[in-house]
Amino acid sequence: MNVRRLSLYAVVVVTALALVAAASARHGGNAKKTAITPIPAFTSAQLQAPSSDDWISPHGNVWNQRYSDLTDINRSNVRGLRIAWHSKVFIPTTGRPNFTGLSAESSPVEYGGTLYMPDSKFNVHAISATTGERIWSYKPKFPKGYAPGLSNRGVAIGEGKVFYAQPDGEMVTLDQATGRVVWTKRLADYKQGASLTAQPLYFGGNLYVGIAGGDSGYRSDLVAMSAKNGKVKWRFQVIPKNPGDPGYSSWPKHKAYLGGGAMWNTPSIDPKLGLLYIGTGNPVPYSGLNRGPGKELYTESVISVHAATGKLAWAFQAIHHDIWDYDFPQPTILFDQKIKGQMRHAIAAANKTGWVYMLDRRTGKAILGINEKPFPQSAAMHTYPTQPVPVGQAFTTQCPNKALYAGKKAADGTPFEKIGCIFTPYTDTGYTVFAPAPLGGVDWPPSAYNQQTGYMYLCSKQSSAEWKSLPANVQAKTLKPLGNFFQVEGLFPAKGSAAKETNGEVVAMNMRSNRVAWKHVWPGSMCYSGMVTTAGGLTFVGTSSGHLLGYDAKSGKLLWTSPKLAAGANAPAMTYRLNGKQYVVVYAGGNGLSGGFSTEPVRYGSDLYAFALPS
């Protein structure tokens, strides 16, 4: 063999080895062993502090502020952000992945240089925070015949473990170094409609997680369990079960079905008060024809329970006898702020109604005032005569654009029976238009609170709905677990006039006054990703068209737009600093719901992007 041939042979061998190593990294292997920094049992102080070098709690800290005190990336240099790395999170061993219709909503947590997150196919990964290389992957084994249909929003970490609330109702705990299962605990029965979508909250050696599935007839509950072994310590049931339980008398004696109150996102906690907070969802069915009168506590409420016992401390109900699907779908946020000259210890909860409800987190009393006001009534739907209205300003429209409906007909070809506003009741005799739609307002995409500006940032939308109830005799035949608990027609009228009114909004609310500080409207495209904000004077949000945007947190001026990403950026971004460099990371995978309301077809994928300033 001559020298030239030998040299060529050496090049081929080296190139082949490099390709094998690269392929190994892409498919979750690791060509060279990656050391993972052990995750500690975080202290109370660590978990309450603003996010800094690490992002250790699902929403930055246990106050769910999604606020980082990092300033390396700031208003003056954000225009210089570039893609630091880009990773394909999910890569199948065979075939081409089909992500169409899936919802990539997860946001990573990060500690010591490793990111932990699920993809839109429900696999969990450990990923290098400097290169995007996958270190290990966990693929869940769901029960035979079970097909996960909901999204998952992330994991929690602590005590050397990764805690994953699977959609089938099982909590799975993984070893952070290997991805191997440490323990599992079934919290709820998916055959009864239960599901888990939210990131659990880790604090003080415990996990706290709310169970969803209310829309499928499940009576939802909040669960506390040991992070060490999964032992359940207590459960709080949203809908009271026994005579004498708080709120029991708010339900009619003869109930069509007792279920709902879903919890879609991560609780917040005030360790000093020992109180845990979470927002709840609607009663079912949506229609009130068969439900009877009553407030129906503690659906559509902000509830506070004692973290040690699960006993109710206080509750505030924002919608009495809800028939519009006006959930509290996103995490509650805790903050301390001087309001009218007095330091207040507040909790803020944004709702699909278009209002932020701001309460004292010790007592549950309104800080600026919340007034009961009368609204249109329907005896057939058993509507409640008044609804709570916060002092301040709605962050979105609460009446439809009547010009869109002029001369138009409803989905069944008949004239609209009524074109109303918020809390306008519908019936089974014809279609009624109301706003906001069940899309909100806000939906699950989490808001953020900036400790410097005192602003709360919301990923919102303008929307309206065209609804008609199914007749009472039709409803009675299908009210059973996993049955039809909507009991309305025109739930998401993507092809009707209401779709044309669905515009995204990025809103900053001044929490000293509960009024809009600034707002941007995205015509024809929902805001469906979530917010993160920093001490560098920035707030970031993703778009369904596949961009990450950076705004001036104080003025609202758009300062930076990322390059076009491989898929819709429909998950909330997060940030951390490693080896002296700050990164902003977002998962781009598209979203099945937002796609139906965008001006361009949504693009699906499984792409994780990290942005940083050039070295």
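The values are calculated or read from the model by the stated rules, or taken from the named source; none is laboratory data. Since we're looking at a predicted model, the values are computed, not measured. We place every Cβ from the backbone using ideal geometry, glycine too, and count neighbours over all the protein chains shown.
In table form, for the structure just shown:
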read-out: In the stretch 324-378, residue nearest to VAL488 (Cα to Cα) [restricted to those that are of a type in the set (Gly, Ala, Ser) and assigned to a strand (DSSP E or B)]; value: ALA350
read-out: So ILE91, is it in a strand (DSSP E or B) and assigned by TED's automatic domain parsing to the domain that holds LEU47; value: no
read-out: Meets criteria (farther than 16 Å from MET456 by Cα and in a loop (DSSP other than H, G, I, E, B)) for GLY556; value: no
read-out: Set SER57, SER76, SER106, SER128: member being free of Cβ contacts under 8 Å to residues at least 24 places away in the same chain and under 25 Å from VAL541 (Cα atoms); value: SER76
read-out: Output for the stretch 498-523, where each listed residue is part of a loop (DSSP other than H, G, I, E, B) and touching a helix residue (DSSP H, G or I) at 6+ places or on another chain (Cβ under 9 Å); value: GLU501, THR502
read-out: Filter pass, GLN451 being among the polar types (S, T, N, Q) and touching a Phe, Trp or Tyr at 6+ places or on another chain (Cβ under 8 Å); value: yes
read-out: Residues of the stretch 303-315 satisfying the condition of being touching a residue at least 60 places away in the same chain (Cβ under 8 Å) and buried (at least 18 other Cβ atoms within 10 Å of the Cβ); value: ILE303, SER304, VAL305, ALA307, GLY310
read-out: Residue selected from the stretch 385-399 under the condition touching a residue at least 12 places away in the same chain (Cβ under 8 Å) and more than 13 Å from GLY354 (Cα to Cα), by the criterion nearest to the chain's Cα centre (by Cα); value: GLN387
read-out: Scan of the stretch 580-615 for residues that are assigned to a loop (DSSP other than H, G, I, E, B) and touching a Ser or Thr at 6+ places or on another chain (Cβ under 7 Å), ordered by number; value: GLY589, GLY592, LEU593, SER598, THR599, GLU600, VAL602, TYR604, SER606
read-out: Residue check for LYS295: surrounded by fewer than 24 Cβ atoms within 10 Å (Cβ to Cβ), at pLDDT 95 or above and assigned by TED's automatic domain parsing to the domain that holds MET381; value: yes
read-out: Residues located in the stretch 379-388, provided they are part of a loop (DSSP other than H, G, I, E, B), of a type in the set (Ser, Thr, Tyr) and in contact with a Pro (Cβ under 6 Å, 6 or more places away or on another chain); value: THR383
read-out: Residue in the stretch 450-465 that is more than 27 Å from the chain's Cα centre (by Cα), crowded, with 18+ Cβ neighbours inside 10 Å and of a type in the set (Lys, Arg) present; value: no
read-out: Verdict on PHE395 being part of a loop (DSSP other than H, G, I, E, B) and within 30 Å of ALA49 (Cβ to Cβ); value: yes
read-out: GLY154 vs. criteria closer than 23 Å to TYR609 by Cα, over 19 Å from the mean Cα position of the chain (by Cα) and at pLDDT 95 or above; value: no
read-out: Residue satisfying condition, being surrounded by fewer than 24 Cβ atoms within 10 Å (Cβ to Cβ) and under 22 Å from the mean Cα position of the chain (by Cα), within set LEU201, LEU196, LEU258, LEU187; value: LEU187
read-out: Filter pass, PRO246 being closer than 28 Å to THR478 by Cβ, assigned to a loop (DSSP other than H, G, I, E, B), more than 21 Å from the chain's Cα centre (by Cα) and of a type outside the set (A, V, I, L, M, F, W, C); value: no
